[in-house]
Amino acid sequence: MTQRFKIEFIYRKPAKNFFKKHEDIKEKFKNNIVAHFKGKTNINIIRMKGYPDLFRMRINSFRVIYKVENNEIILIDVLDADNRGDIY
């Protein structure tokens, strides 16, 4: 039996601006999130130190900062995305 879930994405302004210029990174992020919740484990995601509800996903030289709220719908709140040197 496959587990069914619904994922909704919310993009804050810094993330929206970044993803306008980097559509390929946005698609990779969305695909990685779906794969992660299906159980794939080789995606580079870590919990942010000092922020128990924030996560960081590495995609090439870019980082996407987001948080997950889990009720019946998995809500992905994308806070920021940028080059690894500029994100922190």
Handout entry: Top-ranked residue in region 49-64 [being at pLDDT 90 or above and in contact with a strand residue (DSSP E or B) (Cβ under 7 Å, 6 or more places away or on another chain); ranked as surrounded by the fewest Cβ atoms within 10 Å (Cβ to Cβ)]
Key = SER61
Practice task
Please find, within region 67-87, the residue that is nearest to GLU8 (Cα to Cα) out of those that are touching a strand residue (DSSP E or B) at 6+ places or on another chain (Cβ under 9 Å), without any contact (Cβ under 8 Å) to a residue 24 or more places away in the chain and not charged (D, E, K, R).
Solution key: VAL68
Fill in the blank from the handout: Of (1) of a type in the set (Phe, Trp, Tyr); (2) farther than 17 Å from ARG84 by Cα; (3) surrounded by 15 or more Cβ atoms within 10 Å (Cβ to Cβ), PHE18 satisfies every one except (2)
Practice task
Go through region 1-49 and count every residue that is within 14 Å of PHE62 (Cβ to Cβ) and among the polar types (S, T, N, Q).
Solution key: 3
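The values are calculated or read from the model by the stated rules, or taken from the named source; none is laboratory data. Treat the numbers as computed from the prediction; the structure is a model and nothing was measured. Please note: Cβ atoms are built from the backbone with ideal geometry, for glycine as well, and neighbour counts cover all protein chains shown.
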